[in-house]
Amino acid sequence: MARLTHIASDGSAKMVDVSAKPLSHREAVASGKIELRPATLELIASDRIAKGNVFATARIAGIQAAKQTPQLIPLCHTLGLSHVELALTSGATAVEATCTARTTAQTGVEMEALTGVTVALLTIYDMCKAVDKQMRIGDVHLVRKTKTATRQDLQD
């Protein structure tokens, strides 16, 4: 059976020690969606939501959230993010959010990507709740994560 890395031998929660791990270039991509009524999607598209530009606000909120992940999720490592991108795509009945996060670190950035997507979707919900009581957030998941050696690792 796999061992949970955030659980100490006595059963208490602990932060994983990554100090012995080499630096690697890491990227994580997460995605999720929010289902909205077609009328709400039209209001968003025509920039007629009373709180302002929904996509611009959600994009900024998602990027900001990714940067704040260690303050939101206990035991997450603080990472120097080199890039966070939040893409929003509107369909017939939903908006899909995709967050890409990159760093060079000793641990991955999947929590940052997942946090970015989730907060972007929550921002859309908050901005549209006055006109759509049937919104549904779902399918938040990690699409992929990658790790490649740094040039220094390749030279050693």
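Per the listing Ala120, Ala113, the residue uniquely closer than 17 Å to Ala87 by Cα, in contact with a Gly (Cβ under 6 Å, 6 or more places away or on another chain) and outside any loop (DSSP other than H, G, I, E, B) is Ala120.
Taken over the range 4-23, the criterion of being within 13 Å of Thr107 (Cα to Cα) and either in contact with a helix residue (DSSP H, G or I) (Cβ under 6 Å, 6 or more places away or on another chain) or touching a residue at least 12 places away in the same chain (Cβ under 8 Å) (or both) is satisfied by Met15, Val16, Val18, Ser19, Lys21, Pro22, Leu23.
In the set (1) in contact with a strand residue (DSSP E or B) (Cβ under 9 Å, 6 or more places away or on another chain); (2) within 25 Å of Arg144 (Cα to Cα), Leu41 fails one condition alone, (2). Residues in the range 1-33 that are among the hydrophobic types (A, V, I, L, M, F, W, C), touching a Ser or Thr at 6+ places or on another chain (Cβ under 8 Å) and in a loop (DSSP other than H, G, I, E, B): Val16, Val18, Leu23. Taking Val140, is it touching a Gly at 6+ places or on another chain (Cβ under 6 Å), outside any helix (DSSP H, G or I) and modelled with pLDDT of 95 or more? Spelling it out, Val140 is indeed touching a Gly at 6+ places or on another chain (Cβ under 6 Å), outside any helix (DSSP H, G or I) and modelled with pLDDT of 95 or more. Consider the range 44-90 and keep the residues that are in a strand (DSSP E or B) and among the β-branched types (Val, Ile, Thr). The one that is surrounded by the fewest Cβ atoms within 10 Å (Cβ to Cβ) is Thr89.
Yes/no per residue for (1) buried (at least 17 other Cβ atoms within 10 Å of the Cβ); (2) over 13 Å from Ala66 (Cα atoms); (3) of a type outside the set (Asp, Glu):
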residue	(1), (2), (3)
Thr104	no, yes, yes
Glu110	yes, no, no
Met127	yes, yes, yes
Arg144	no, yes, yes
Thr148	no, yes, yes
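The values are calculated or read from the model by the stated rules, or taken from the named source; none is laboratory data. Please read these numbers as outputs of a predicted model, since none were measured by experiment. So basically every Cβ, Gly included, is an ideal-geometry build from the backbone, and we count neighbours across all protein chains shown.
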